[in-house]
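Below: one structure, written as structure tokens.
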Amino acid sequence: MKKAVVVFSGGQDSTTCLVQALKQYDEVHAITFDYGQRHKLEIEVAETLAKKLNVKAHKVMDVSLLNELAISSLTRDDIPVSHELQENGLPNSFVPGRNILFLTLAGIYAYQIGAQAVITGVCETDFSGYPDCRNDFIKAMNSALVQGMDREFDIVTPLMWLDKAETWALADKFNALQLIREETLTCYNGVIGDGCGDCPSCDLRSNGLNHYLENKTEVMASLNEKSE
């Protein structure tokens, strides 16, 4: 039996990955992390979507220690999300160590249930500039977890080389475009669906959607070519 664990935030990317995983694996578990993020609504959205999609098991894990350690606009209400980069060249929405922690815990969970894959919606092609979304990081993390637990499994990144338009095309391919457009939460200001229209995350999301809707045939062809 093919099993997978999906790191699931209730946002566009992770929901697209979850929808795809439900078609590709016999048993899918979703894991959502409560790290004291800016909007608790994320967790509620993830719980609602997991039930709607009939996910076999959905675990919400308290990792609020991350909030104490990692200073970011996504962990501090008094730090506004900015379009400007910091002195280190990273956006102030970057949460240091977040994906290291999430993938480690998801890997442990996968070990316990005998899953062959941990799936995460990170992307290097069309992303916010986070270093822990890059392919080199994922490969290093995968190697560390396999060596540390002496068990083979893969960290799978279906969106790694897709731009946002192609991510929308992937959702459409699985008949989930409206669900993801209307019911996911990607906005840094906590607005479900199309979002606030002003934060960096909303910019990426809306630009990708508009490009897909205006160029469906071309974008779908590009997606299919990358999927071969």
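The values are calculated or read from the model by the stated rules, or taken from the named source; none is laboratory data. Here the structure is a predicted model, which means the values were calculated and not measured. Cβ coordinates were reconstructed from backbone atoms using ideal geometry, including for glycine residues, and neighbour counts include every protein chain displayed.
What number of residues within region 147-161 are touching a strand residue (DSSP E or B) at 6+ places or on another chain (Cβ under 9 Å) and modelled with pLDDT of 95 or more?
Step one: filter region 147-161 for residues touching a strand residue (DSSP E or B) at 6+ places or on another chain (Cβ under 9 Å), giving 153-158.
Next, only the ones that are modelled with pLDDT of 95 or more stay: 154-158.
The number of residues fulfilling the criteria is 5.
Taken residue by residue, region 128-138 has no member that is closer than 26 Å to Ile192 by Cβ, touching a helix residue (DSSP H, G or I) at 6+ places or on another chain (Cβ under 7 Å) and at pLDDT 95 or above. All of Leu85, Leu41 fail the test of being more than 15 Å from the chain's Cα centre (by Cα), surrounded by 15 or more Cβ atoms within 10 Å (Cβ to Cβ) and at pLDDT below 95, apart from Leu41. Among the residues of region 101-127, those identified as under 27 Å from Ser201 (Cβ atoms) and among the hydroxyl-bearing types (Ser, Thr, Tyr) are Thr104, Tyr109, Thr120, Thr125. Once region 116-151 is narrowed to residues that are without any contact (Cβ under 8 Å) to a residue 24 or more places away in the chain and more than 27 Å from Asn224 (Cα to Cα), the residue that is farthest from the chain's Cα centre (by Cα) is Asp150.
Remark: pairs (first residue in region 47-73, at pLDDT 90 or above; second residue of a type in the set (Phe, Trp, Tyr); Cβ separation under 6 Å; 6+ apart in sequence or on different chains) = Met61/Phe33. Looking across Ala106, Ala144, Ala140, one residue alone is under 19 Å from Cys17 (Cα atoms) and in a helix (DSSP H, G or I). It is Ala106. Candidates are the residues of region 7-38 that are in contact with a Phe, Trp or Tyr (Cβ under 9 Å, 6 or more places away or on another chain) and in a strand (DSSP E or B); the one that is surrounded by the most Cβ atoms within 10 Å (Cβ to Cβ) is Ala30.
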